[in-house]
Amino acid sequence: MQHPYKRLPTPLKDRLMTDRLPSAIDHLLTASLTPEALFKALMPALGAFLGCDRCFLYLRDPKTRLGRVPFCWIRHAEIPLVYDQTWKLEPASLAEEDPMFAAALRTDPSIFVEDVETASPQVLNRGFERQSFGHRALIHAHLAFDHQLWGVLQPCLFGRPRQWTAAERQAIAQIVQTITPEAIAYVDAAMQATDPGSQMDHLHESQNLL
């Protein structure tokens, strides 16, 4: 099924790029790559651009609330890896526990956290962030279309705060705009490839655990 959010043709993507993006990322975003190839290459490139310790991409199907982190880059082996082997049903309580995810579900603007330890409780749940992710500074970038959340791009740092510059914020906005149709294509393909019977069994099993 063709999704209404079509992928950007290369000439249009070229016009979206500016000198705020390093050439490595600009090349990835304007190349004719599959979503999987794009995301695999983008995680380390974005990590290098921002000087981050980890960068991962969480993808989800808004209809079934099945989500997965299929792409994650870490700077070194001491940084915790965030990765999901399979698609999982999101806990019903996730939006209550995680204000940033609640904001993402509302398709609010992306969130730039300079210091988890000093951020407002209206922005994030400090205990949840410590237990689930362990990072100190992060970007919670929302991949959304038509008031539906398709993914969250999350570069982060450990052990120290980080100020995010205006140029970096603009670069993230450009990246998110460009990769959102690729994220939708990836999720749609994954959902179509999933056996409907197995998917419903998984949903029922997951719901019984909540």
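Can you pull the one-decimal nm distance between simple spin-label points at Ala102 and Val123, each 7 Å off the Cα toward Cβ?
Label-label distance for Ala102 and Val123, simple model: 1.6 nm.
Using a simple spin-label model with points 7 Å from Cα along the Cα→Cβ vector, what separation in nm is obtained for Ser23 and Met191?
Going by the 7 Å Cα→Cβ label model, 4.0 nm.
Tell me, in nm to one decimal, what length is gained between Thr34 and Ser93 on full extension, where the rule is 0.36 nm per residue of separation less the Cα-Cα distance?
Gain in length upon complete extension: 17.9 nm.
Taking all protein chains in place and a 1.4 Å probe, what share, in percent, of the accessible surface of segment 74-166 do carbon and sulfur account for?
50
Based on the mean of other beta carbon atoms within 10 Å per residue, what is the order of 54-66, 180-192, 101-113, most packed first?
Top of the packing list down: 54-66, 180-192, 101-113.
The values are calculated or read from the model by the stated rules, or taken from the named source; none is laboratory data. Here the structure is a predicted model, which means the values were calculated and not measured. Cβ sites come from the backbone with ideal geometry, for glycine too, and all protein chains shown count toward neighbours. Only protein heavy atoms, including side chains, enter the accessible area calculation; ligands, DNA and RNA are left aside. Shrake-Rupley method; radii C 1.70, N 1.55, O 1.52, S 1.80 Å.
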